[in-house]
């Protein structure tokens, strides 16, 4: 028995034409047909030749980027390399081989138009009857920014660093004076003066950063990517973006996606729902999200004809079996709407004492009880010497309505689909495409990447649902 070995000197022949490099049902043909189906005029990408020098046809470069992202190739240098070594890339570009600078420049210069690709993809999906628009599921996930967390500066860090540099400058000045007194070599004096100038320049740079920190609502700033935020994940604290995605209930296709500069999902639902409705032109009957989106203030601004299915924090914990309602929790107190009072479990009344809302976002009214010290449950219910206090949001009725919707059988049925519909895209993008970290910096550029990644997910789903031959025929209008 012999081993199988290769022979690099053996003569072989590629197919006579580039079009034969891939089979008739190869997925690359879908990406080619999809980009050809886009309206470049609406995207804002000109396909008319400009200037005197030859340039690559914009649809060709867009095909390269979308197809590369769909297989986890996002680096401009790796995309260039694929044009030389991968037959499917050679087929897609018709044998052209743009260099990495051209690819990177096209992606950067067209980040605005690239953000609009997802919207056109959504409209194509609707034409193919793949989006129903009955239920929208919204979820968020942290993606690392292309920036180190060590480049994040707070006011305390700036002040500490300035103090440290001032001490170093003082020490250098003392060394200069000592050298001057001993009449040492002039070279040593020049070197120390250069060090002092470098420290002074660093002071100016840190002072500029401090000014930006004081004007930033986050209370910190990352000097590499100022629009990124600090976020705590399973692997520690990182500079990140919170990617928001909204999916449709029929096939789980993405109808809206963007990167936001917030480290949580609070108050994000209305904006995502509005954008999803703009992309689809449809108003859903239901919207569903997890407890991280539970903000009565935000939900109250959503169209009242849309039913919102969101658990509050306590409902989410109870669903996990990690918490039950105590005998004197707020849920045990009854609100009397007629008298605008709360009634505790033993019958004592709590009257409203605040005339204007206060607290977080100035949304809360305060209710205090009298005679709590004489109650047998005083040390159990409260230990406050002024008696039990309860805060009521001015959106409490909205919160109560959300709780009832979530607990209802239809609400439970909708919420049971949430993980399947809203978490699948993040799993595909992070694990299959290896895109857990952005390549580009700045929100406008990360939004462009999110649009490409979301489009790649939708195309993969479309091929799974319809099959390559049918999808190609529909995209080509045949």
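Nothing in this text is a laboratory measurement; each read-out follows from the coordinates by a stated rule. Bear in mind that the values here come from a model prediction, so they are computed numbers and not experimental data. Because the Cβ atoms are built from the backbone with ideal geometry, glycine has one as well, and the counts that use them run over all protein chains shown.
How do 247, 224, 17, 217 rank when sorted from fewest to most other Cβ atoms within 10 Å of their own Cβ?
Values: 247 31, 224 16, 17 8, 217 5.
Fewest-to-most Cβ neighbours within 10 Å comes out as 217, 17, 224, 247.
Which Rg and Dmax, in Å, describe the Cα atoms of segment 51-102?
10.6, 35
What's the center-to-center distance, using Cα atoms, between segment 276-313 and segment 1-69 in Å?
That distance is 41 Å.
For segment 1-105, what's the radius of gyration and Dmax over Cα atoms, in angstrom?
Rg and Dmax of segment 1-105, Cα atoms, are 16.8, 65 Å.
Where the centre of each part is set by its Cα atoms, how far does segment 393-435 sit from segment 120-156, in angstrom?
Each part's Cα centre sits 15 Å from the other's.
Find the eigenvalues of the gyration tensor of the Cα atoms of segment 346-478, then list the square roots of 5 times those eigenvalues as equivalent ellipsoid semi-axes, largest first, in whole angstrom. List each step's numbers first, then the result.
Details: eigenvalues 577, 81, 42 Å².
Each semi-axis is √(5λ); the values are 54, 20, 15 Å.
For segment 131-170, evaluate the Debye formula with one uniform point scatterer on each Cα (no solvent term) and list log10 I(q)/I(0) at q = 0.21, 0.24, 0.29, 0.32 Å⁻¹, rounded to two decimals.
For the requested q values the scattering log ratios are -0.81, -0.88, -0.98, -1.03.
Can you sort 471, 466 so the residue with the fewest Cβ neighbours within 10 Å comes first?
So the residues, fewest neighbours to most, are 466, 471.
Take 374, 20 and order them by how many other Cβ atoms sit within 10 Å, fewest up front.
374, 20
In the chain, what % of DSSP beta bridges are antiparallel (nearest 5)?
Here the share of antiparallel DSSP bridges comes out near 85 percent.
Can you pull the one-decimal nm distance between simple spin-label points at residue 102 and residue 132, each 7 Å off the Cα toward Cβ?
4.6 nm
Just the Kirkwood number for segment 330-395, please: inverse of mean 1/r across all distinct Cα pairs, in Å, one decimal.
Taking the inverse mean of 1/r over all distinct Cα pairs, segment 330-395 comes out at 12.3 Å.
So what is the relative contact order of the chain, in percent, for Cα pairs below 8 Å that sit 6 or more residues apart? Show your work: numbers first, answer last.
On the way: 676 pairs, mean separation 95.4, N = 478.
Once normalised by length, the contact order is 20 percent.
Report D for segment 387-462 in µm² per second (integer): Stokes-Einstein, Kirkwood Rh on Cα pairs, 25 °C, 0.890 mPa s.
In µm²/s, the coefficient rounds to 153.
Suppose the Debye formula is applied to equal point scatterers at every Cα of the chain; what is log10 I(q)/I(0) at q = 0.07, 0.09, 0.10 Å⁻¹?
Cα-only, vacuum Debye calculation for the chain: -0.57, -0.82, -0.93.
Tell me the Kirkwood radius of segment 71-212: reciprocal of the mean inverse pair distance over distinct alpha-carbon atoms, in Å.
Kirkwood radius, segment 71-212: 21.9 Å.
Over all Cα pairs of segment 9-50, how is the pair count split among 10 Å bins, expressed in % and running from 0 up to the last occupied bin?
21, 31, 26, 15, 6, 0
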